[in-house]
Each structure stands twice: as structure tokens, then as C-alpha cells.
Amino acid sequence: MGFMEKILLKNADVPDINDIDVYVAHGGYKSLDKAFQMGPAAVLEEVKRSGLRGRGGAWFPAGMKWQFCVEVNKFPKYLIANADEGEPATFKDRPFLEKDPHQLIEGMIVSAYAIGASKGYIYLRGEYPTGYKVLNAAIDQAYKKNMLGQHIKGADFSFDLAVHRGAGAYICGEASALIESLEGKRGQFRVRPPYMATHGAFGMPTVVNNVETLVNVSHIINGGADWWGSIGSKDSPGPKIFGISGHLQRPGLYELPMGVTLRELIYEYGGGIKDGRELKAVIPGGVSTAMLTPEHLDIKMDVKSLQAAGSAIGSGATTVMSEDACVVHMVWRAMAFFYHESCGRCTPCREGTDWMVKILARIENGAGRTEDLKILEDVCHTIHNNCFCPLGEGAVNPVLSSLKYFRQDFEEHIRTRGCPKGLRARARH
Amino acid sequence: MITLSENTLQEIERAASKYVDRKSALMAALWAAQAEFGQLSPDVIEAVAEVIGVSSAHAQGLATYHSLYWKKPVGKYVVMLCTNIACTLMGAETLLEHLEKKLGIHEGETTPDGMFTLQEVECIGSCGNAPAMVINETFYYDLTAEKIDGILSGLR
Ligand SMILES: Cc1cc2nc3c(=O)[nH]c(=O)nc-3n(C[C@H](O)[C@H](O)[C@H](O)COP(=O)(O)O)c2cc1C
Ligand code: SF4
Ligand code: FES
């Protein structure tokens, strides 16, 4: 397949690209002129036509989400960049938060223009302190150059932007919980309706988009929807930053067209499995997505193909396990994460993740019973049907998929009273 | 009751000016207070709540909701080792044991001299360079036991 010409990560190796002058010298903020010439309705139309879908996990069409908000006659409107990047094994937004902040700011201005939003926030995860400094400095510079503030570059459009710093809580990455958190409350899921398009931040029409989604917008405007939409898969087009991790020769971030296969991702870009070992399992889109096996290597990394395979593209964070990994151990660790992050509001999620951590730990540590596998499945089904928000559903995926594909590993742990790889599940606080 | 420094108060007001409702600045205020006092004890939280104009219970509830607000005293250096899946696959658990031995404490504890707190954390967005850890605001990547020894002796 070869490496594609970089679009989103084109500035990755440019020194001082966080400086607005360097950014402008590299063609930055050009999309503003074009957008202001086109007018907001045409920008919205272009984004719709491009087929851009949100890159935060749910893959909702961006143009459609914006349209809902445009139609509401209530002001001010808000645009929020979701920079919470909390899905484990996801590290794709970080370059824009720490190195190339103006690309995000530019994308936000153009998007806000199309939406008619006059206020914006970047909800930044607390774990990225460098990003907090870099983004704030970049915003200050953008104000000085009149890329932000009143009548941007003389146009009839004003937009204010600020950073809101999180403090560690996975659930705050969920769009409605994020808004609660922005308002100074505990970030908890809001039941819809009312929808965010009408009642979002501070009761006003609001769009929440992932960082990578917003970054793409300037490129759609600069290069046109036809060019942008011709990249990658038909149902979910465009360039995508894939973060690959785990047992690989060359883990890291790779910008590739949507629709690259898992095999290409792992063997061509990732350099194959570490130390020449065999592939055992792949988590294609972050810990909340269902595990796959070597049988699935020819599946395309796009929304439709992964869904058809019983998994999901999620954040596009692919984690690879070699034959040296213990699947039971990894599922236990994933569940410990979900238990830790459950907001505690729904009993099935709170109690169910707790219970599953305990069962998985006891299987891993040699005290598992044959009935435990059935219990795990039952708990998963209870969570699946009885929870408010998708966090609970995410917790179910690693368990059900591993029981489907690697049941013999669980059974072996139970039969031989312990982990064949000699691993143990620690007590955790 | 504790009083917040002029600096912290200014920072809180700067944050509050960014929102239509000053309650939104509660998170920023807790960050600022933590930077001043090193932790968010109940009286620090109470002082923050008063400045923002929310109940102490509300501020307390928010502080306990988030893992990066310290509710008890921490060491001069907070060593946060990621043990989420990418890091665990690359050996983070062995490194956690190594750190526990080296520092003579368990995960979650602080050394008696007040130098180090050891914490196991969820993904810190460094999965391509696993295992990874953060000490205060500095990230360390592609860790090995030897690398950790070097980093710790550099801090002592
Ligand atoms: C538990 C949970 C955590 C989430 N975390 C994030 C996150 O860290 N970043 C993100 O962009 N979206 C996250 N999402 C998805 C958001 O709810 C939302 O769909 C997304 O920000 C919308 O932007 P997009 O349409 O551009 O993808 C999360 C969802 C759930 C259920
Ligand atoms: S499913 Fe879990 S995280 Fe979501 S609202 Fe219920 S308890 Fe909270
Ligand atoms: S899993 Fe450790 S940094 Fe992401």
C-alpha cells in the first residue's frame, strides 16, 4: 500500500510549528479566507458532501450533527473540541494538543463559522499538562493575530476560544458528561432528549466533536470535498491517524487512508509482531471494542467492515497481542479499568464491573470455577440491557469477545488452576 | 480557615472570566489550589468553594470524582506508572514491582521522607512508547528497570 502523503500529520516534524508565524508560513490559517468567501451555508454543505464522520468513537456524520444545531434559533451556540482522549490505548489527538495546536484552532474556527457558534472550548484531559500550556499559548497568539476574537480577519464572524482542563475521569469524554463537567459539575451522562443541539452547554445549542474530526475540516475546505472524500473507504472516507500499540516491531502513530486492512496496519506499518512471534489477538478500536483474531486480518479498518466483523473501529487505536500475552490477564486489566471509571449511577455497571474484576482475577489466579464463564456472560447481558450510558456496554465487549474466541484459554486457567504464562492478577485499590 | 494566595485568586478570576457561569471555573480553581498547597485537603476545598460560590459539599464531590486531584498529601515527586493494556503488554507490571521494591513502598503510598508517591494510573496516551510513566509533569517512555533506576537517582 505504501505510505500516503501526510495531510493531518504533515507538520509533525516541523520545528516550532506551535508558533503561529511558523504555522502560517507552512500554509496555516488559509482555510479561513476560503471559508469566509464561501459563506457558512456552503462550508456546511461541503463538509456534508465530504462524508466526514466523527473520529471520537461513534462515527456520527459531522455535517448532519452541525445541521441540527444550525436549525436551532437560540444564541450563543457552542462548539466544543473533545480532547479528553480517554479511551485506553488511544494517543492520536495528542500531536495536535502538544505540538501542532494551530491546526486544531483553525479547524475549530472554520467549523464554528459553519455552525454559527460564537463560543468554543477545548475540553482537555488533565493528563496532558504540556497540552494545557501549548494550547493556551497558541490561543493567545491567535487572539493577537485576530484569528480569534471579534470580526476575525475582518469578517462578519466572531469566535472566542478557551481551554477547560479535566482532572482524570474517563466518563468525562462522553459528550454529555463532558458538558456537565464543563459546567462545574461531576461529569455524568445526561439522558437525551433534550439533545445537545438544543440544550447543550449552559442550556444552549452545542456541538461536541473530537479533535481529529475538527482538524479534518480545514483540509476539506482547502482541498475540497471531492478530493477529501476520494480518500479511503466509501462509507467512512478520509485520512485517519491510527495509533498502534502492543507487541509490534514499530508501534506508533500512522496516518493512513480509512479502509487500510488490519494486516497492512500490523505487518506493513507496524513492522510485524515483536521478536518474530505469532499474532494471538487484536483489539481494533480501543479497549471498549471487541477483540479479533488472526482470522480477521483482511478486514478493512472502516466503520462498516469492523461492524460486520462484530467489532467497531472506535478511536482507531489498535492493540496487538502476541502468543506471549495472556488473554485472561488482559481482560482482567481492561475490566479493572472499567470498574475504576464507572460513575456508579447504574447498579448493573457499578456492581457488574466489580463482580467481573473479581471473577476474572480468580480465574487468572487459579481459583476459577467452570460456572464462572457462564456467570461472566450473564453479568454482561445484564449490563448490556440495563445501563444509562455506553461505558457499561464498552465494558462488556472485551469479555464477550474473548469468551467467544479464546474460551479455551479461560478453560485452561480453570483446569490447571492458574495462568499458564505464570501471571497473576494483583489486588488493586 | 485557609486563605488562598493572591496569585491563586487571580488565576481563579482569570478562569472564571472565560465562562458565562463562574461555577464552570471550579475545576480550574481546584487545579490552582492544588498547585499552591500540593493537595486538596477539606479546608482547601472549602476555601475554593467559597471563592467560586458553591457549597463545600459540591466542591468536595467534584474533587473526589477526579483521579488527578490529590485528596491526601503526596510526595515531592508523584510517580505515575501506566498499567493499562498497552503498557501491561510491554511489561509495566514488572516495573511496578520494581518501583515498589526500589522505593520500599506499595502502590498508593508515599515514602517516609516525603520524596516519592507511587501511583498506578490508567492510559496516559503514550501507548506507542510503552511502558510509560509521568513524574509530576514529565513523561518517560520505553521504560526498563535500568532506565527507571537512572531516572530516580537523577531526582534524588
Ligand atoms: C465512555 C465514553 C468515553 C468517551 N471518550 C471520548 C474521548 O475521550 N474523546 C472523544 O472524542 N470522544 C469520546 N467519546 C465519544 C463522545 O461521546 C462523542 O461521541 C464524540 O466526542 C463526538 O465527536 P465526533 O462526532 O467528532 O466523534 C466517548 C464516549 C463514551 C461513551
Ligand atoms: S453505565 Fe456506568 S458509567 Fe454509564 S451512567 Fe451507568 S454507572 Fe455511570
Ligand atoms: S496504555 Fe499505557 S500509555 Fe496508553
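Counting only other chain Cβ atoms within 10 Å of each residue's Cβ, the peptide A:178-185 averages 5. Entry note, chain A: relative contact order of 15 percent, from Cα contacts under 8 Å with a spacing of 6+ residues. Overall shape: prolate for chain A, with the ratio a/c of the largest to smallest alpha carbon gyration tensor axis at 1.5 or above and a/b above b/c.
Ranked by the mean number of other Cβ atoms within 10 Å of their residues, highest first, the peptides A:377-390, A:220-233 come out as A:220-233, A:377-390.
Could you work out how much longer the chain between A:Q307 and A:S230 gets when fully extended? Use 0.36 nm per residue separation minus the Cα distance between them, nm to one decimal.
Values: separation 77, 0.36 × 77 = 27.72 nm, distance 2.16 nm.
Extra length from A:Q307 to A:S230 when fully extended: 25.6 nm.
Counting only residues at least eight positions apart within a chain, or on another chain, the lysines with an alpha carbon under 16 Å from that of B:K147 are B:K101, B:K102.
Taking θ as phi - 60° and the Karplus parameters 6.51, -1.76 and 1.60, the scalar couplings of segment A:21-26 work out to 5, 5, 4, 5, 4, 9 Hz in sequence order, x denoting glycine and proline.
Hey, any idea what % of chain B's accessible area is carbon plus sulfur with a 1.4 Å probe? It is 52 percent, rounded to a whole number. Here chain A exposes an accessible surface that is 52 percent carbon and sulfur, computed with a 1.4 Å probe and the other protein chains kept in place. Taking amide H as placed 1.01 Å from N in the peptide plane, B:F116 has its amide H under 5 Å from the amide H of B:K76, B:Y77, B:T111, each at least 5 places away in sequence or on another chain.
Nearest 0.05, what FRET efficiency do A:A42 and B:H106 give at R0 = 60 Å with Cβ-Cβ as r? If you can, show how the numbers build up before the last one.
Working: r = 60 Å, r/R0 = 1.01.
The formula returns an efficiency of 0.50 here.
What the phi angles of segment A:170-183 give under the Karplus curve with 6.51, -1.76 and 1.60, with θ = phi - 60°, is a coupling list of 4, 4, 5, x, 6, 3, 6, 5, 4, 5, 4, 5, 4, 8 Hz, glycine and proline written as x. The mean number of Cβ atoms from other chains found within 10 Å of a Cβ in peptide A:164-170 is 6, as a whole number. Rounded to 0.05, the FRET efficiency of the B:D142 and A:R407 pair, given R0 = 51 Å and the Cβ-Cβ distance, is 0.90. Inter-chain Cβ neighbour count for B:60-69, averaged per residue, equals 5 (cutoff 10 Å, partner chain atoms only). With all protein chains in place and ligands, DNA and RNA left out, the 1.4 Å accessible area ranks A:D409, A:D33, A:D16 as A:D16, A:D33, A:D409, largest first.
Scaled against 2.2 N^0.38 Å for its residue count N, the alpha carbon radius of gyration of segment A:1-44 is 1.49. Each listed q (0.12, 0.15 Å⁻¹) maps to a log10 I(q)/I(0) for chain B, found by the Debye formula over equal Cα scatterers with no solvent: -0.60, -0.84. Secondary structure note: in the protein assembly as shown, about 45% of the DSSP beta bridges are antiparallel.
Is the C-alpha gyration tensor of segment B:6-65 telling us rounded, prolate or oblate? Criteria: a/c under 1.5 is rounded; beyond that, a/b larger than b/c is prolate, otherwise oblate. Because a/c hits 1.5 or more and a/b fails to exceed b/c, segment B:6-65 counts as oblate.
Axis angle, to the nearest 10 degrees, between helix A:407-416 and the longest C-alpha principal axis of chain A: 40 degrees.
The residues of the protein assembly as shown have, on average, 38 Å² of accessible surface per residue, using a 1.4 Å probe with all protein chains present.
When only Cα pairs below 8 angstrom with a gap of at least 6 residues are kept, chain B shows a relative contact order of 18 percent. The alpha-carbon of A:K144 sits under 13 angstrom from the alpha-carbons of these aspartates and glutamates, leaving out residues fewer than 8 places away in its chain: A:D19, A:D21, A:D160. Amide H contacts of A:I122 (H built 1.01 Å from N, in plane; Pro and chain starts excluded): A:A81, A:A162, A:V163, A:H164 sit under 5 Å, all sequence-distant by 5 or more or on other chains. Helix A:371-386 and the longest principal axis of the Cα set of chain A meet at an angle near 30°.
Taking each DSSP H run with n ≥ 4 as -39500 (n - 2.57) and averaging over every residue of chain A yields -12500 deg cm²/dmol at 222 nm. Ignoring ligands, DNA and RNA, how much accessible area is buried between chains B and A, both sides summed, with a 1.4 Å probe, to the nearest 100 Å²? Roughly 4000 Å² of accessible surface disappears when B and A pair. Once the partner protein chains are put back, segment A:125-161 shows a loss of at least 10 square angstrom of accessible area, versus the chain by itself, at A:R125, A:G126, A:E127, A:Y128, A:P129, A:T130, A:Y132, A:K133, A:N136 (probe 1.4 Å, ligands and nucleic acids excluded). Rounded to the nearest 500, the helix-only mean residue ellipticity at 222 nm of chain B stands at -13500 deg cm²/dmol, with each DSSP H run of n ≥ 4 adding -39,500 (n - 2.57).
Determine, from the Cβ-Cβ distance of A:M64 and B:I151 and an R0 of 60 Å, the FRET efficiency 1/(1 + (r/R0)^6), rounded to the nearest 0.05.
Efficiency, rounded to the nearest 0.05: 0.80.
With the whole protein complex present, A:D235 retains an accessible surface near 40 Å², based on a 1.4 Å probe. Gain on full extension, evaluated as 0.36 nm per residue between A:K153 and A:A367 minus their Cα-Cα distance, stands at 70.3 nm. Partners of A:K34 within straight-line reach, counting lysines whose Cα lies under 19 Å from its Cα and excluding those fewer than 8 residues away in the same chain: A:K48, A:K145, A:K153. Under a Gaussian network description of chain A, with springs only between Cα atoms under 10 Å, the residue in A:M335, A:M38, A:M196 that fluctuates furthest is A:M38.
The values are calculated or read from the model by the stated rules, or taken from the named source; none is laboratory data. Being a predicted model, the structure only gives us computed values, none of them experimental. Cβ coordinates were reconstructed from backbone atoms using ideal geometry, including for glycine residues, and neighbour counts include every protein chain displayed. Ligands, DNA and RNA are excluded from the accessible area calculation, which covers all protein heavy atoms including side chains. Shrake-Rupley method; radii C 1.70, N 1.55, O 1.52, S 1.80 Å.
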